[in-house]
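Computed from the coordinates by the stated procedures, all read-outs in this text should not be read as laboratory data. The shown structure was predicted, so the numbers you read here are calculated from the model rather than taken from an experiment. Cβ atoms come from the backbone with ideal geometry, glycine included; neighbour counts cover every protein chain shown.
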Amino acid sequence: MKTYKPFKSGKVREVYEADDSIIMVATDRISAFDHILKNKITDKGAILTQMSRFWFDFTSDIIPNHMLSVDNADMPEYFQQEEFQGNSMKCKKLHMIPMECIVRGYITGSGWESYKENGTICGIELPAGLQESEKLPEPIFTPSTKAELGDHDENVSLEQGAKVLEKEFPGHGQEYAEKIRDYTIAIYKKCAEYALTKGIIIADTKFEFGVDEDGNIVLGDEVLTPDSSRFWPLAGYEKGKSQPSYDKQFVRDWLKANPDSDYQLPQDIIDKTIAKYKEAYELLTGKEFSR
Ligand SMILES: Nc1ncnc2c1ncn2[C@@H]1O[C@H](COP(=O)(O)OP(=O)(O)O)[C@@H](O)[C@H]1O
Ligand SMILES: [Mg+2]
């Protein structure tokens, strides 16, 4: 059997190249406070892969996406091994647009820090008097450019971003920047509105786009998973304070209370966390999770 090595190995995902496709594998690893924890969260990778799959279908009226198959039978034999079942997606290989397309519907995290300092996020002026976690009048596009490993991504204005894209796609920088901004806002609006009816607030999220061989802009990477987004439970939401994370709430609380744990969680925290991922999946898709 031909074996494969990932060409990219992130904190939680592995990306393989297979012929002219790529295979994105979401592992059961979990990170919190910028650390990879020692435990595996059983089925997390499969749940997140199936969630991306749901959103790719849900947004296909807005934009084409890179998903080709989540059926391992469509992948090389190597990916038919047990460890790849359900957590792998065969995708169209894209020329990636080097911009992290962040959209914020609520003010929190680094956006809240920046607003407190000077009333803006990424140069966008916001109304005075907003409170922490408050819903913004309209979702805002706050892109960043990918830094090399180790560095933090850098927030940029649309114009600065367009200049970066121009280097990668001569003659298309401004055009692509505007198009992916409009796609980002449109996808977020449709999905956030839907999630709200299921009891989940999508406070913010990040998309990545690429260009296919015909020159079309295509939605890539993972979409609207708790790893690429901030999900908050609608029940108990209140502006004026920080909100619990839908999925990592137990993990973060426990780590804070146990600073000497060396990032090793007890089983009951793992079990509760697995249950939260399943719950989010079932609420959003209306389907019971099964492998
Ligand atoms: N369809 C695609 N074709 C090629 N590369 C892709 C595609 N979709 C996502 N990617 C890239 O795969 C990588 C996913 O790796 P990830 O673990 O998120 O690492 P990071 O975000 O730190 O680069 C990213 O570099 C992303 O841009
Ligand atoms: Mg990434």
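General remarks:
- With 0.36 nm allotted per residue and the present C-alpha distance subtracted, the A128-E159 stretch has 8.7 nm of extension available.
- Magnitude of the charge dipole, the chain, Cβ model with Lys/Arg +1 and Asp/Glu -1, debye to 20: 660
- Per-residue HN-Hα couplings for the range 236-253 [Karplus 6.51, -1.76, 1.60; θ = phi - 60°; Hz; x = Gly/Pro]: x, 5, 8, 6, x, 7, 7, 9, x, 6, 4, 9, 9, 4, 5, 5, 5, 4
- Compared with the direct C-alpha span, the chain from N258 to K272 gains 3.3 nm at full extension, assuming 0.36 nm per residue.
- Label zone at V15, where the point sits 7 Å out along the Cα-to-Cβ direction: the range 66-81 residues whose backbone N lies under 18 Å: 66-70
- Ordering I201, I185, G171 by Cα displacement along the dipole of the range 137-291 toward the positive end leaves I201 in first place; charges were set at the Cβ atoms of Lys, Arg (+1) and Asp, Glu (-1).
- Each label was represented as a point 7 Å from its Cα along the Cα-to-Cβ direction; for E166 and E117 these points are 2.7 nm apart.
- Magnitude of the charge dipole, the range 96-233, Cβ model with Lys/Arg +1 and Asp/Glu -1, debye to 20: 540
- Extension gain, T197 back to N216 (0.36 nm per residue minus Cα-Cα distance, nm): 3.6 nm
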